[in-house]
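The values are calculated or read from the model by the stated rules, or taken from the named source; none is laboratory data. All figures in this text were calculated on a predicted structure; none of them were measured in a lab. A quick note on method: Cβ atoms are made from the backbone with ideal geometry, for glycine too, and the neighbour counts reach across all protein chains shown. Side chains are part of the model used for accessible areas, which takes the heavy atoms of the whole protein and leaves out ligands, DNA and RNA. Shrake-Rupley method; radii C 1.70, N 1.55, O 1.52, S 1.80 Å.
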Amino acid sequence: CAVKAAQVLSEIAKNEEMKKPCIEADLVLTLIPLLESTDQEMLLHAGRAIGRICYDNRDLQEELVKLGIITSLVRILTDYAESEPLVHVDLLALCNLADLDTAKEALSKTKVAEQLVKQLRRAENHERLEIVFEVLQALAENDALKVQLVEAGVQEVLSEILLRLQGSSQAEDTCIVKAASDLIVSLLLGENYLSNSIFKTLLSGMMQTIIQRVSFCSLGEHSLISYQDGNCVRMVQLGVIHQLLDLLEKHVESGDVSVQHAALSALRNLAIPVVNKIQMLEEGVAERIQALLRSETPPVQFKLLGTLRKLADGQADAAEILGQDPMLLNRLVQWCNANDHTGVRGEANRLLASILHHNRSQEVVKAIQEAQGVKHLVSMTRSEHAAMQNEALNALAIASAIDLDTLEESFKESQLVQSLHKLLQDDNTSPEVKYNSMGLLCSLLNSGDLRQEIEENKIKETIEQLCSHSNANVVKEAVSTLQVLRGET
């Protein structure tokens, strides 16, 4: 009668009100030994009954793990891998328990990864795929289980699934692609939990598929290649740059915008750590991605500019290379006028500012002047974003210190002195912008014509008022600037 009794209990436990009486009658403890049966019908009904009684009851679930239910579930998944009903019940049970740290620990001592990859490979419908992915996503939070999943070849199955669903617009397929993408993220992210050899295996196995089918920009709440992640540096060391650039160049010709956008997003994040910048520059990334300068697609233009800016950040050599490239500078100036796409216009201005800021070359200053980029940087000082204002002010101050004579005429034509005066007068201007405005003003005083403009605009009176500003740094800079104006230093 045990099989029939288990079946009755599984039906009774469907009713929410009956769960408590089942628990009080210690039926869970009575049912657990039945999971050692070799009768598939017994396993099915006992598994359903336990799952329904313990659903959403964390204390009971913890108790199940202590009683060794994990071993039973993995055994059933192994011995009856071809039984659809049993596998379904088993996966639901794992899905309910997998969030528990104790369950993950217990699972890491079994061969569950091997069995789940097998089930992922043989899954024929969306419902089964979704359940397996849900279990895998929970297990991928455990470092030991991540290693086991990679060793079991999960990356190969994910590639097969993503390539099979490539181009599908059906909602169900989109959900599966999203689940597979999120799992890739979980497997790749984390601080050095994988050895270099396993990490390389995972990465090389997934890279082609990742770039072709998965957006690097954002997957759920994650960035696939995160600059905060130790693996970001390892990816560059293991040669990811070459794979990205090869694919990028291939798709420049085919015009696949999604791949260009995805690869550039990855390159941008990879370019953030200083150690990566140096290696990427040595491997010719800046020169190779400039092939995209002819792109007329705003999202690609935006990502291209952001990538180049990250490469130039803090790197004088890179700034000099980029700042003496006529084709790049002319394209940047065009994009600085892109009124129909504010994002591209902003990034173009920021890259110009970054090149000037990080370079120490008179040739770069002259090249940007010849490309008529200076007026755009002056306009950038009037941006509504304080960060962009500061970037422009700092860049212009450095350029002025390098070669003021070259810039003097452009500064007069673009009314830089008047712009600085407005920034200093405006109560809404941030203290940092006021501070940097006065720093640039001091550089301009080395030009006779610009000094005359400063005196004619009565900026001295405005600076005197700033000597009583609420911000101590602004006051300090105002006092210093007044000394320079008076010729005291």
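Averaging the sequence gap over all C-alpha pairs within less than 8 Å and six or more residues apart, then dividing by the number of residues, gives the range 227-313 a relative contact order of 35 percent.
Qualifying GluC sites (Glu not before Pro) in the range 33-98, where qualification requires a DSSP coil assignment and no more than 12 other C-beta atoms within 10 Å, comprise E82.
Round to a whole number: what % of the accessible area of the chain belongs to carbon and sulfur, probe 1.4 Å?
It is 47 percent, rounded to a whole number.
Computed per residue of the chain from DSSP H runs no shorter than four, each worth -39500 (n - 2.57), the mean residue ellipticity at 222 nm is -23000 deg cm²/dmol.
How high is the FRET efficiency from A401 to M18, r the C-beta distance, R0 51 Å, rounded to 0.05? Please list the in-between numbers first.
Details: r = 81 Å, r/R0 = 1.58.
Once rounded, the FRET efficiency stands at 0.05.
Taking the Cα of Q415, stepping 7 Å toward and past its beta carbon, and measuring to each backbone N in the range 421-441: which are under 11 Å? What the label zone holds, given the 11 Å backbone N cut-off, is 422. Estimated from the Cβ-Cβ distance and a Förster radius of 30 angstrom, the FRET efficiency linking E432 and D317 is about 0.60. Bridgeable lysines around K4 (alpha carbons under 24 Å apart, same-chain partners fewer than 8 residues away excluded): K14, K19, K20. Solvent-accessible surface of the chain, taken per residue with a 1.4 Å probe and all protein chains present: 45 Å².
Based on alpha carbons, the Rg and Dmax found for the chain are 31.5, 105 Å.
Rounded to the nearest 0.05, what FRET efficiency do Q290 and E160 give with R0 = 25 Å and r taken as the Cβ-Cβ distance? Could you check?
Details: r = 36 Å, r/R0 = 1.43.
Computed FRET efficiency for Q290 and E160: 0.10.
In summary, the lysines within cross-link reach of K310, defined as a Cα separation below 18 angstrom excluding same-chain residues under 8 places away, comprise K277. The magnitude of the dipole of the range 336-489, with charges of +1 and -1 set on the Cβ of Lys/Arg and Asp/Glu and taken from the Cα centre, is near 240 debye. Annotation for L60 and V257: the two label points, set 7 Å from Cα along the Cα-Cβ direction, are 5.3 nm apart. In this label model, A171 and H242 are separated by 4.6 nm, measuring between points 7 Å along each Cα→Cβ vector. This model, with +1 at the C-beta of Lys and Arg and -1 at the C-beta of Asp and Glu, gives the chain a dipole about its Cα centre of some 300 debye.
Count Lys and Arg as plus one, Asp and Glu as minus one, and take only other residues whose Cβ is under 15 Å from that of L281; the net charge is then -2.
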